[in-house]
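Here is the structure we will look at, set down as structure tokens.
The values are calculated or read from the model by the stated rules, or taken from the named source; none is laboratory data. Worth saying up front: this structure is predicted, and the values here are computed from it rather than measured. Here the Cβ positions follow ideal geometry from the backbone for every residue, glycine too, while neighbour counts run over all protein chains shown.
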Amino acid sequence: MGSRKNLSRRLETLRQAGSAGQSGKGGDQRPAPEAPPSPPGWQETAPLVYRKITTHSLPTPLAPADSPLLKALYPTMVLTPQAVEDYRFFDLETTGLSGGAGNLAFLAGVGRFRGGLFEVTQLFLSDYPGEGAFLDLLLPLLSDGVYWVSYNGRSFDTPLLRSRCLMNRRILEERMPVDLLYPARRLWRGLFPDCSLGTVEREILIKSRELDIPGEEIPHRYFSYLRDRNPGLLEPVFSHHREDILTLAALLGLMEKLLLGLLEGVPRDLYGLGRLCMTGNQERAVEVLQQGAGSGDTRCALFLGGWLKREGRRREAVAVWEALWKRRGNTTAARELAVHWEHREKEYRQALEIVQAVLTRPFPPQGREKEAWERREQRLKKKAGLSDNR
Amino acid sequence: MKDLSDLLRTLKEDPSFLSAVTRWEVIPETPGVYSDFPVLGRNRTLEPTLQEALEKRGISRLYSHQAESCIAADRGEDFVVVTPTASGKTLCYNLPVIDRLLRDPAAKALYLFPTKALSQDQQAELNGLVEGGNLPVKVSTYDGDTPSSLRVSARETGRIVISNPDMLHSGILPNHPKWIKFFSSLQFIVIDEIHIYRGVFGSHMTNLIRRLKRICEFYGSRPRFICCSATIGNPRELTEHILERPVKLIDRNGAPRGEKHLIMYNPPLVDAVQGIRKGITNEAQRLAVRFLREGIKTIVFARSRVRTELIASYINKSLANHFTDNGRIKVEAYRGGYLPGERRAIEKGLRDGHVHGVVSTNALELGIDIGGLDLAILSGIPGSVASSWQQAGRAGRRNSLSAAILIASVSPTDQYLVNHPEYFFSQNPESGYVDPDNIYILMDHLKCAVFELPLKNGESFGGPVDELLGYLEEEGVIRFTGDIWYWADRSYPSEQISLRSATTENVVIIDTTGGRHEVIGEMDKPSAKELIFENAVYLHRGEQFMVTRLDLENLKCHVEASQVNYYTDSVVKTDIKVLEEDREDRILGLKILTGDLLVRTQVAKFKKLKFQTHENLGYGEIFLPEEEMHTRGVLLCFDPEERAGAVFQGLDTDNQRRAIAALGTLVQNVAPLFLLCERRDLGVSERIRDPHTQWPTLYVYDNHPGGTGLADGFIDKLPAILHASRELIQRCPCGNGCPSCVGAQETAGDGNGRDHGPGFTGPDIMPGLKQAADTLLEKWLSGEADGLAERDEPWVPGKTSPGA
């Protein structure tokens, strides 16, 4: 263990090589951890842990007993009806952006509806040793709810919280996640550059924030705070975090309304909306998809046609395909129609007409697809008594 | 076709072959030592279902070392098994582990292999045992190639998780909360091929084990270690250094062994005066072809990637001449840098007999299953006896004859070994050692450890680390508060730390011939500068390419198919600056300074060497930025105030230059044997008047960033190294110095040409090198007869223990 002996000297050399001129003061003199001053408006509730409770008047989101959003998220589960008071809206701010055991949450927020108002409790961990107490305060706020509404909480916030509990020997009692990122992707993917909470908030809720900071800056601000204890640096972080939770509540209400068809004039992808509705409210889904198909969205028409077929609503399915084929020349629809006329209705000539139309269109199918169409053509000709071979 | 014994008989009657053989050793057949399934504590036997599974595979009794392992594991001992290749080593861990997993349905085991290829081998082997016997033990591989869909199930339900140190380092430990089930019931950690973990890699490994132990402790488990090693000088010591706890050694091999012939072969002299011998590349090719034609399955080991390609293509060419319409004999090249699919295909070809011969770098030295081979040809003897045995052991099956031919190159180490075959046969192989407190390595792992779990003040991490933690705090990556050190940075530290070498980056080699854009291989960045610079010839499985562009920034190298008659070899220039001295010793009247150095290397030009003859066809320029390395080194100072320096001053000016140049070559070539490293792990450079010390000075430094302790170990070994050097000079038959002893003008194709410091060029100083070195060493060493007695060690590297 030779090199440990010369550690100080070696370190000195390393320092010179690394950051010239930076003279450190060594590791022997260090102040005992002291409680930093409370950030303005925050209350110390445990050593090194601060709390701030704010109430906001927000329109109470519809939380119907048979919420279509919950049905979309849990299509195969029978959910017991819950009141909107049982939802917990939560979000964490962390010291790192990737996962791993060295990444912890220093700011946690839980929002809930209480007596017609929206109440947000934020907990702030002002230094590492307070983490146990921080979790002790946070966990009851979460565990007395039934649903945890978050944005990407399923893959980020909840696993992180699970790790933190484990490392502090606490038990996280998990509740049903309602992660709004998933429906958000369905509704808005492709409409905006990304589906981050900030983007959705700006584009859909038309909410603008003063003094907001980019998320990547947050860990940096916290580490600066740990060094110089200037809470001013964190003010924008606190408000950013609170706004995120308010946005969660607003977004939940907006999504429910969209699914119920109570909201018009909001950008959304009709195909995604239709599919989201499908498990909860089929007639609403059909209506949305029809609307999409009518406006020329092929995905809507194809999905709707397939769904109608499986439901045994053939006549409606055929109408959808007819429209798609005639208006947009879609070959998938053409194939569905050919199958329908050939096998269901035994109307071979009608089927043949479609097949030949496909084969003679300006950009006919190629390769294997072309062969399949030609085989179908031969078969239909035979069945219709028009075979060339005679 | 003749069989191997016929062929060996023919060779024995061939005077021209025999005249080049310095030793022909026949290691007789050894019968096996068997044991019944052992009786364990409380009169228990191995689980009946496990015994049945073994019997289904035709195993009804064990070799003695396997039984011994079961008993040791049952007693809760940590142990290391050392037996030769093909001795049934894997059962030494598989038996006790599976036995435990069957008895305790919660128990888990972690297997660590140094390469992914070995992990795959082991997964297949375990699958055979477990599925064949219907044993309820789930075996999961968890490495960089595991798709994310399988990762969760490996973590949650894998009973045996097979991984590698790199994955443990960057994937598993930093995410340990996801592995709670696994770590809390982890009972065995198996480390196979532990002899690989020495030097820098071993120092990383020791720190990784420190981290692993911390995490296990956090989850309340205390797993036992089972390790396996190839034959090295100090397997127990090395294992104990890596695990930092005592272990039991199991080294009585119970497996039978077929007769084995070991032939030491020194290629005939072409020019005795200059010490030039027939080249090993052509000799290896000639011998391999002779055996391959008779259907003998042969492996040829070459010293470098380029050599591997050359020998393989020479063999294929000479076979093609004689078998133009007969493609039955298939010979492949094998080395790192091939795409994984290519390597798997070659391994499989060797196993199923489709490939008859292979030319490999030391990549195949490890226990990758390539089936039984009859003959191993070592084109150049590896820098360590341990490696030599590993490579020679690649030929040999349990019950049949095998042979190995060790061809000596003109390098001094090889010449020493080939002229001292008794050394090779009677000595234990070299020892392995680690320096886990290497400041760079320790600091890197300390960061990871704090990231994984905050460190209590005063908590030991292989020793006290307060000072280092203080340093890291100043750097702003950790925070000390409430008597605990916390990770306080947004980064994920293990991401930036590679266990294998200084850089984590690989250059991808892309074939752009005729507008193509196809990845054909890869290479680590430092090697890329020396091997695939612009206009270099790159050989890949017998195909020849010319480098058109090396883009180090984007880690890309574009090559195009080419048809030239030469290959390329770069010339490296080195410049050294002393940053800080921190130790001064006096040994044998020589002043030795130890300290931190800054070594700058630049690849500035390259040689074009003709295929087959290896003659130099000319030079080309290379334009690449220089590489900087901060490392540890020693300065051997010939201060005239001290005795060694006074002897040195006694030589005339020309002889001073000769003597120091010769000494540099000798040290470079002899020291690796004593330090268990490769030639390239040590840098040596001499200065007739060093600007730093003002004296004639020889620099010996560690060729790894941060140093690996080689320079410090060098001081302890210096007397032995000097005496061995002197003996080498005296025994060398050459006249005025040759590549075998003190060096000479570069021997064509040797590839060992060393870059002397400034002032050493020109042929004028070359005659007399040997005499100058001999005079220096004789006067210097004889004067210290008394002082030597207690420090001096015999010229027996295998017996010396490192840094004690």
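For this structure, a couple of remarks:
- First in the range B:542-558 and under 30 Å from residue B:318 (Cα atoms) and in the same structural domain as residue B:516 (by TED's automatic domain parsing), second anywhere and aliphatic (A, V, I, L, M) and assigned to a loop (DSSP other than H, G, I, E, B), Cβ under 8 Å, 6 or more apart: B:544/B:564; B:546/B:536; B:546/B:564; B:547/B:532; B:547/B:536
- Count of residues meeting criterion [under 12 Å from residue B:133 (Cα atoms) and charged (D, E, K, R)] in the range B:54-68: 3
- Any hit, the range A:271-294, residues being within 22 Å of residue A:194 (Cα to Cα), in contact with a strand residue (DSSP E or B) (Cβ under 8 Å, 6 or more places away or on another chain) and away from chain B (no Cβ under 14 Å): yes
- Residue that is nearest to the other protein chains (Cβ to nearest Cβ), among those in the range A:162-180 that are touching a helix residue (DSSP H, G or I) at 6+ places or on another chain (Cβ under 8 Å) and hydrophobic (A, V, I, L, M, F, W, C): A:166
- Hey, residue A:99 in contact with a helix residue (DSSP H, G or I) (Cβ under 8 Å, 6 or more places away or on another chain) and within 14 Å of another protein chain (Cβ to nearest Cβ) or not: yes
- Residues (under 21 Å from residue A:87 (Cβ atoms), out of contact with any strand residue (DSSP E or B) (no Cβ under 9 Å at 6 or more places or on another chain) and in a loop (DSSP other than H, G, I, E, B)) located in the range A:159-193: A:172, A:173
- Of residues in the range B:525-560 being part of a loop (DSSP other than H, G, I, E, B) and among the polar types (S, T, N, Q), the one surrounded by the most Cβ atoms within 10 Å (Cβ to Cβ): B:535
Residues are listed down the side, and each one gets a yes or a no for (1) within 11 Å of another protein chain (Cβ to nearest Cβ); (2) in a helix (DSSP H, G or I); (3) in contact with a Leu (Cβ under 9 Å, 6 or more places away or on another chain):
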{"site": "A:195", "(1), (2), (3)": "no, no, yes"}
{"site": "A:202", "(1), (2), (3)": "no, yes, no"}
{"site": "A:209", "(1), (2), (3)": "no, no, no"}
{"site": "A:218", "(1), (2), (3)": "yes, yes, yes"}
{"site": "A:223", "(1), (2), (3)": "yes, yes, no"}
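Residue-wise test of (1) among the acidic types (Asp, Glu); (2) within 14 Å of chain A (Cβ to nearest Cβ); (3) under 30 Å from residue B:781 (Cα atoms); (4) free of Cβ contacts under 8 Å to residues at least 40 places away in the same chain.
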| site | (1), (2), (3), (4) |
| --- | --- |
| B:586 | no, no, yes, no |
| B:594 | no, yes, yes, no |
| B:606 | no, no, no, no |
| B:644 | no, no, yes, no |
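- Test: residue in the range B:623-634 that is among the aromatic types (Phe, Trp, Tyr), out of contact with any Pro (no Cβ under 7 Å at 6 or more places or on another chain) and more than 14 Å from chain A (Cβ to nearest Cβ): yes
- For the criterion of being under 30 Å from residue B:177 (Cβ atoms), within 14 Å of chain A (Cβ to nearest Cβ), in contact with a Gly (Cβ under 9 Å, 6 or more places away or on another chain) and among the β-branched types (Val, Ile, Thr), residue B:450 passes.
- On inspection, residue B:525 fails the criterion of being closer than 14 Å to residue B:620 by Cα and touching a residue at least 24 places away in the same chain (Cβ under 8 Å).
- Residue count for the range B:1-27 under the criterion of being under 27 Å from residue B:328 (Cα atoms) and among the β-branched types (Val, Ile, Thr): the result is 1.
- Remark: pairs (first residue in the range B:1-23, within 15 Å of residue B:292 (Cα to Cα); second residue of a type in the set (S, T, N, Q) and not in a helix (DSSP H, G or I); Cβ separation under 8 Å; 6+ apart in sequence or on different chains) = B:4/B:402.
- Sole exception among (1) touching a strand residue (DSSP E or B) at 6+ places or on another chain (Cβ under 8 Å); (2) modelled with pLDDT under 95; (3) not assigned by TED's automatic domain parsing to the domain that holds residue B:395 for residue B:234, by number: (1)
- For the range B:454-515, the strands (runs of 3 or more DSSP E) that sit wholly inside it and include 3 or more residues that are more than 11 Å from chain A (Cβ to nearest Cβ) are B:506-511.
- Some residue of the range A:105-121 being among the small types (Gly, Ala, Ser), surrounded by 21 or more Cβ atoms within 10 Å (Cβ to Cβ) and part of a loop (DSSP other than H, G, I, E, B): no
- Residue count for the range B:163-211, restricted to those that are over 30 Å from the mean Cα position of the chain (by Cα), among the hydroxyl-bearing types (Ser, Thr, Tyr), farther than 21 Å from residue B:454 by Cβ and within 14 Å of another protein chain (Cβ to nearest Cβ): 0
- Of all residues in the range A:102-115, those that are under 26 Å from residue A:84 (Cβ atoms) have Cβ atoms under 6 Å from Cβ atoms of residues that are among the charged types (D, E, K, R) and in a strand (DSSP E or B), 6 or more apart or on another chain, in A:107/A:93; A:109/A:91; A:110/A:88; A:112/A:88; A:112/A:119.
- Here the condition is being in contact with a Leu (Cβ under 6 Å, 6 or more places away or on another chain) and closer than 26 Å to residue B:189 by Cα; of B:37, B:17, it holds for B:37 alone.
- Condition check for residue A:107: under 23 Å from the mean Cα position of the chain (by Cα), at pLDDT 95 or above and of a type outside the set (Asp, Glu): yes
- Test: residue in the range A:150-160 that is surrounded by fewer than 22 Cβ atoms within 10 Å (Cβ to Cβ) and hydroxyl-bearing (Ser, Thr, Tyr): yes
- Counting only strands (runs of 3 or more DSSP E) that sit completely within the range B:585-655, those holding 2 or more residues that are touching a Leu at 6+ places or on another chain (Cβ under 6 Å) correspond to B:590-610, B:627-637.
The rows are residues; the columns are (1) within 19 Å of residue A:252 (Cβ to Cβ); (2) free of Cβ contacts under 8 Å to residues at least 60 places away in the same chain; (3) not aromatic (Phe, Trp, Tyr).
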residue: A:187; (1), (2), (3): yes, no, yes
residue: A:196; (1), (2), (3): yes, yes, yes
residue: A:199; (1), (2), (3): yes, yes, yes
residue: A:202; (1), (2), (3): yes, yes, yes
residue: A:206; (1), (2), (3): yes, yes, yes
residue: A:210; (1), (2), (3): no, yes, yes
residue: A:220; (1), (2), (3): no, yes, yes
residue: A:226; (1), (2), (3): no, no, yes
residue: A:232; (1), (2), (3): no, yes, yes
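- The range B:392-438, subset within 30 Å of residue B:351 (Cβ to Cβ) and among the polar types (S, T, N, Q), residue modelled with the lowest pLDDT: B:399
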